[in-house]
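Since the structure comes first, as structure tokens, the remarks are kept for the end.
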Amino acid sequence: MESLLSDKWEVKSKHSSEELLQRWRTLCGVVKNPKRRFRFTANLSKRYEAAAMRKTNQEKLRIAVLVSKAALHFIQGVQPSDYTVPKNVQKAGFQICADELGSIVEGHDVNKLKFHGGVSGIADKIGTSINNGLPTDDEALNRRQELYGINKFTEAEAKGFLVFVWEALQDMTLMILGVCAFVSLIVGIATEGWPKGAHDGLGIVASILLVVFVTAGSDYRQSLQFKDLDKEKKKISIQVTRNGYRQKMSIYELLPGDIVHLSIGDQVPADGLFLSGFSVLIDESSLTGESEPVMVGAENPFLLSGTKVQDGSCKMLVTTVGMRTQWGKLMATLSEGGDDETPLQVKLNGVATIIGKIGLFFAVVTFAVLVQKMIGQKWREGTTLSWSGDDALHLLEYFAIAVTIVVVAVPEGLPLAVTLSLAFAMKKMMNDKALVRHLAACETMGSATTICSDKTGTLTTNHMTVVKSCICMNVKELSKPGDASALRSEIPDSVVKILLQSIFNNTGGEVVVNKDGKCEILGTPTDTAILEFGLSLGGNFQEERQASKLVKVEPFNSTKKRMGVVLELPEGRLLAHTKGASEIVLAACEKVVNSSGEIVPLDEPSINHLTATIDQFASEALRTLCLAYMELESGFSENDAIPASGYTCLAIIGIKDPVRPGVKESVALCRSAGVTVRMVTGDNINTAKAIARECGILTDDGIAIEGPVFREKSMKELLELIPKIQVMARSSPLDKHTLVKHLRTTFNEVVAVTGDGTNDAPALHEADIGLAMGIAGTEVAKESADIIILDDNFSTIVTVAKWGRSVYVNIQKFVQFQLTVNIVALVVNFTSACMTGSAPLTAVQLLWVNMIMDTLGALALATEPPNDELMKRTPVGRKGNFISAVMWRNILGQSLYQFLVIWFLQAYGKTFFRLHGSSDSDLVLNTLIFNSFVFCQLFNEVNSREMEKVNVLEGILDNSVFVGVLGTTVFFQIIIVEYLGTFANTTPLTFVQWFFSLFIGFLGMPIAVYLKGIPVE
């Protein structure tokens, strides 16, 4: 089957081009219901609209920047036009309206900004404090919200149940059957009277309605699951100062006047103005498509919603929110663009199209054969020219059978089963702390052959504490509560002073007082650990901050692996402080503080002592950081770069970050599942090796390598080296990207990559599955990722892999089940029509069978929960055939058995059950065939739970949906056969006949066991 699918039915698991997505749509020739088939695919027209909007934004901003530059030249000579405050704004207690605020930031209007008194003037006019933010008075906040709006974009209204009913009715074959039912009613009532003549027509109508309502119910349930997941995806928090307190808030609660704290990797949550900060680089590509980052500061204070902080940190005053921003308008359009369809969805659309064409051919031939038989009989009887109402009803019945063959033959449920299975898995994965952002990732994760994992926070707990230090050349343990105060008494006061100055100023964290009046440390776990160490040495964060002036900040960067600040002291001296990777900072040092607190040159014995200390800390699985400082000349300005060398080594500290419980077991589980786990970290190689051994990642035959060494290798060396790499330490984001690219392209691996920082975005983008950390991850990393690991735990990644495999296998089970029904229903009706001139399965019966195999079958098989056996198989990888040889063995074996049973009943059924001479023998036989056929499908549904294992009943009671679907199907089958005969063309069966039907169905199970014993390649 897959060999029949050309490359045109192939899409990538992510970043497929619009041309690729459009191509397969045009190939879908036989589509019963486009509304349903293409519901969970990308809306390309909305995407084109969003792209056009981006282009417009780019042009608007380019013009705005040019105008603002020109305005700067003439600003003194130009009098801005008077601005009149609207009365409703004045009445609410403000001095500027939302439109005026929006035009200042969006238009980069320096002239208007100056007219309103600059950033501080704007803050006064919207009634906020630059230091304390908005007061938390509910009435005032509501008033502000009414006037300036909320920070949410308009979303399309959720579809109600009746919309799904209407969409289910758009099925072309059901519409044709509806017309057939209508004609059947008119002709039937005209020839046979009411109510007898209406039975056939009403039977078809009832079947259509049942199919429509069950389909709509299933689709509606799916839409609710996706709606819940969409809500989770949009949960973004940001640091805000309100009422003088720093707090975490949802971006959707922001109002103009809020003071927002932004740092590297954050998304700007609303339009606003820069208040204070350092080295702020903004990436505006998401809004404008412009790849060149923009420098933001006092001269260019305009920050636009939806852009990303690429470097630096700052405080921002929110001015415009929600749909008043360009980002809000863009998101409203983008949200309707939908998710890219997954490779399996497209592949199964191809399978559905091919089978649909075959089904259409068989339907036309079946109709032609039935009509030819009827005309041949009339020819023999000499009544070719006289046509009665009964003849018209027969013709209509033949047409309805042909249409129903198309209904059954076109497996419209195949691509939709993918969505159903993915929706179910995504909902369950959410409970397991994994948020799927892109549908395809859930599917691809099951094929993953390699996981490149970060160390900090993923394999370790991310709860860091300083447990060792080397200050004044002396190594000290700091694991007990009183150790830090004892250390303080041993260090000279001059060293303590400079150390605390370094700790509290050269940091991305903060010590703030929360609403309860308690001290709270904000920042990364590393910053938090060092600040905690500073406090335990008796330091005071606020005092240290106020004792000097920050001249320049260079935030931590994973390429440089260090951060630095320049301070101006009260007496006018300038000091540069740096901290970062121990060996890198130590290499930048020329002096060291000795045991007496004196600054001495860094000689070889001192370097050897400090290097041995770093190696000792690292071998104990501690993260090591080096703190250093230097005095600068008075001519330093904030535009100058902080010096790269010439420092005095102040301290080396060892930070403990314990391995997470369960990681070792998860790594072992991955290994047994054929998935290689590699650790890629920016940490010291000895620390990385110690943690990797503890986790079971680094084995005796594996290699640990440093990023700088990896970079220098030739292509030939890399080909030999990469398969053996288990640990990469001191890696830069580019090293990570290079490793992932080679694994994917050169070695054809399916790669999952974890990342948390802004610089991880390229590797997350390059990988088949990008996994961002929910707690430690930046918004930039999360946006580049396909799945967000909400608890930052490696064990959750293994759970995701298990769910991915489960989705893949569940869809295979459903495809196996549905293709069996397709083949049997097609062959039975076609051969019957050719041999006997009638079809044993009527339109109503085929509609019921279609519902069993389509909606109910998908519900039962596509929602099987994962089991531990899944992780004992090797991964499918990139080139695995979806419809495997094992599946074809099961499909063809079961189809042959079912066909033989139905052929036996058609040929010898009347003799076997002694029906000769009975007036309704044909009706009883056809009911028996229909009943046996349905029970064959039910038992085959149970068989399909396992494609290779003999025990198909294991864990069946754990899946309530499966049991519910089986129970419901049996219940309705009894009702249809015993009580709805007049509508469904059935008649009540005897106990023996029921037992026979059940036995025929059950016999499929030992046959399945026999088939599973046949070896296939």
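The values are calculated or read from the model by the stated rules, or taken from the named source; none is laboratory data. Being a predicted model, the structure only gives us computed values, none of them experimental. Note that each Cβ is placed from the backbone with ideal geometry, even for glycine, and that neighbours are counted across all protein chains shown. Remember, those area values only see protein heavy atoms, side chains included, never the ligands or the DNA or RNA. Shrake-Rupley method; radii C 1.70, N 1.55, O 1.52, S 1.80 Å.
Structure above, values below:
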item	result
Rounded to 10°, Cα long-axis angle of helix 663-672 versus longest principal axis of the chain	40 degrees
Listed peptides 224-232, 1000-1008, 816-824, 465-473 by packing density, highest first (mean Cβ within 10 Å)	816-824, 465-473, 1000-1008, 224-232
Sum of side-chain charges, Asp603 neighbourhood, beta-carbon under 14 Å (Lys, Arg +1; Asp, Glu -1)	-2
Order by protection proxy (mean Cβ within 10 Å, highest first), peptides 669-680, 367-378, 125-136, 269-280	269-280, 669-680, 125-136, 367-378
Per residue accessible area of region 300-441, 1.4 Å probe, in Å²	33 Å²
Counted charge near Val965, where neighbours are those whose Cβ lies closer than 15 Å (Asp, Glu -1; Lys, Arg +1)	-1
Angle between the chain longest axis and helix 885-912 axis [Cα atoms, degrees, rounded to 10]	20 degrees
Using alpha-carbon coordinates, inclination of helix 343-381 to the longest axis of the chain, degrees	10 degrees
Cα lying deepest toward the dipole's positive end in the chain, options Gly356, Met464, Leu21, charges on Cβ	Gly356
Size of charge dipole - region 508-625 - debye, nearest 20, with Cβ of Lys, Arg +1 and Asp, Glu -1, no other charges	400 debye
Signed unit charges on C-beta, dipole axis of the chain, positive-most listed residue Phe153, Pro555, Ile1007	Ile1007
Highest average packing first - 943-953, 528-538, Cβ atoms within 10 Å	528-538, 943-953
Accessible solvent surface per residue of region 204-290, calculated while the other protein chains remain in place, 1.4 angstrom probe, Å²	36 Å²
(i) 33.0; (ii) 33.9; (iii) 35.6, with the label sought being that of the calculated Kirkwood radius over Cα pairs in Å	(i)
Size of charge dipole - region 787-882 - debye, nearest 20, with Cβ of Lys, Arg +1 and Asp, Glu -1, no other charges	360 debye
Neighbourhood net charge (14 Å Cβ-Cβ; Lys/Arg +1, Asp/Glu -1) for Phe541	-3
The chain, accessible surface, carbon-and-sulfur percent (1.4 angstrom probe)	57 percent
Heavy-atom surface of region 662-797, accessible at 1.4 Å and reported per residue (Å²)	36 Å²
